[in-house]
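Student: The structure is given below, and queries will be raised subsequently.
Coordinate-derived values only; no laboratory data. Being a predicted model, the structure only gives us computed values, none of them experimental. Here the Cβ positions follow ideal geometry from the backbone for every residue, glycine too, while neighbour counts run over all protein chains shown.
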């Protein structure tokens, strides 16, 4: 078995034993088993497939990150990870989260635009009084 940890910036997201890990790096897909050689690689945003000790595949959408394998341990550090029971559910969850993120970004952009406009108005008022 592989002792897997998935780390997010603010917490340990997942800690469990798995039989197999399938992930994607910049040079393509790869599979990790407990007796594979130790290595480090950068992960691209995409799908992470974990096989449980019972043989069930679990699917995760992950952001870019880094994977470190040493002995029978694997640590994945990434900014975001989302679990799905199957690929259809995972796709729906990712889309939902991206829609919420896009809405938050739009709200932040509107607030920033208002702040910039207020700053320019204040600056023009200062110039008018000189």
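Student: Between residue 79 and residue 17, how many nm apart are label points set 7 Å from Cα along the C-beta direction?
Tutor: My value for the distance between the label points is 3.5 nm.
Student: Quick check on the exposure proxy: order 112, 14, 43, 67 from fewest to most C-beta atoms within 10 angstrom.
Tutor: 112, 14, 43, 67
Student: Apply 1/(1 + (r/R0)^6) to the Cβ-Cβ distance of residue 66 and residue 35, taking R0 = 22 Å, and write down the FRET efficiency to the nearest 0.05.
Tutor: Efficiency, from the Cβ-Cβ distance: 0.50.
Student: For the chain, take the longest principal axis of its alpha carbons; what is the angle in degrees between that and the long axis of helix 87-128, to the nearest 10 within 0 to 90?
Tutor: Once rounded, the angle reads 20 degrees.
Student: Here's something else I'd like to know. Could you tell me the largest-minus-smallest coordinate of the C-alpha atoms of the range 1-78 on each of the three principal axes, in descending order and whole angstroms?
Tutor: Between the extreme Cα coordinates on each principal axis of the range 1-78 lie 27, 26, 21 Å.
Student: Which ordering of 39, 13, 30 is given by a fewest-first count of other beta-carbon atoms within 10 Å?
Tutor: 39, 30, 13
Student: Can you work out D for the chain in µm² s⁻¹ from Stokes-Einstein, where Rh is the Kirkwood radius over C-alpha pairs, the temperature is 20 °C and the viscosity is 1.002 mPa s?
Tutor: It diffuses with D of about 125 µm²/s by this estimate.
Student: Right, here's the next one. Give me 60, 29 ranked fewest to most by other Cβ atoms within 10 Å of their Cβ, as a rough exposure proxy.
Tutor: 29, 60
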